[in-house]
Every structure is written in structure tokens, then in C-alpha cells.
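Read the structure below first, then the notes.
The values are calculated or read from the model by the stated rules, or taken from the named source; none is laboratory data. Predicted model, so just to flag it, every value in this text is computed and none were measured. Cβ sites come from the backbone with ideal geometry, for glycine too, and all protein chains shown count toward neighbours. For the accessible areas, the whole protein counts, side chains as well, though only heavy atoms, and no ligand, DNA or RNA atoms are used. Shrake-Rupley method; radii C 1.70, N 1.55, O 1.52, S 1.80 Å.
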Amino acid sequence: MPPFNIHEVDETIHGRVRLGIMTFLAATGTADFTTLKTHLQVSDGNLSTHLRKLEEAGYVLQNKSFAGRRPLTQLSLTKQGRSAYIAYLDTMNRLVASSGDMA
């Protein structure tokens, strides 16, 4: 196995809330803003800030519509986002494996 390189860690995903968003969407496929906010136990503003960062990276797609008169934001991973998430998990696996080599 090649040595672990810390510079391979995708910092866009690595934050606690962004990792939670990516993991939840990878597991569920799609989620609405309120469900995601409740699951992650974050404020509207905090979630919006992290979603914007993921959206700017091309990892998350936001689909805004209305359910009656209420706004509805549906979120999902893009193909690029799913690939980045898998690469992130592979990087973390290499980190764990390389720490075992140090023992």
C-alpha cells in the first residue's frame, strides 16, 4: 500500500457538518433541507453555509420548488460529489491502514 499523504484529504468534505451532509445524502439519495437539518442538529444558517460550499465544489445539487405555498429544497449528491465522497473514504481508509503500520 502506498504511504499516506495528508494532502490527499479533500478539505471540502472533511469538516464535520459537510461530512455529515455527504454521508447522509450518499445513504438516502435525496433529502429535504428540514430533514437534513434535523438529522445533523444544526441551524438553518449553518446548514446553508455548508451546503453552499459543497454546491460550489459541484458535490451537491439543490432543487428548489414549492409544496403548496411553502418553499421546498431537495438535496442530492451529484455524480462528481459521489465520486469525491468515495475518494474521501478511500483516503481515510489509507490513513487508518498507515497508522497500523506505525505500531
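Sort out which residues of the stretch 70-103 are of a type in the set (Gly, Ala, Ser) and open to solvent by less than 80 Å² (accessible area, probe 1.4 Å), and write them in order of number.
Those that are of a type in the set (Gly, Ala, Ser) and open to solvent by less than 80 Å² (accessible area, probe 1.4 Å): 76, 81, 83, 84, 87, 97, 98, 99, 100.
If you check residue 91 against the conditions, is it in a strand (DSSP E or B), in contact (Cβ under 8 Å) with a residue 24 or more places away in the chain and touching a helix residue (DSSP H, G or I) at 6+ places or on another chain (Cβ under 9 Å)?
No.
Condition check ((1) open to solvent by 60 Å² or more (accessible area, probe 1.4 Å); (2) farther than 29 Å from residue 97 by Cβ; (3) of a type outside the set (D, E, K, R)) across all residues:
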site: 7; (1), (2), (3): yes, no, yes
site: 10; (1), (2), (3): no, no, no
site: 24; (1), (2), (3): no, no, yes
site: 27; (1), (2), (3): yes, no, yes
site: 56; (1), (2), (3): yes, yes, no
site: 68; (1), (2), (3): yes, yes, yes
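If you scan the stretch 36-60, which residues turn out to be without any contact (Cβ under 8 Å) to a residue 24 or more places away in the chain, under 14 Å from residue 18 (Cα atoms) and either within 16 Å of the chain's Cα centre (by Cα) or part of a strand (DSSP E or B) (or both)?
If the condition is that a residue be without any contact (Cβ under 8 Å) to a residue 24 or more places away in the chain, under 14 Å from residue 18 (Cα atoms) and either within 16 Å of the chain's Cα centre (by Cα) or part of a strand (DSSP E or B) (or both), then 37, 39, 40, 41, 48, 49, 52, 55, 56, 58 are the ones that fit.
May I ask you to verify whether residue 31 is in contact with a Leu (Cβ under 8 Å, 6 or more places away or on another chain), touching a residue at least 12 places away in the same chain (Cβ under 8 Å) and outside any helix (DSSP H, G or I)?
So residue 31 passes the test.
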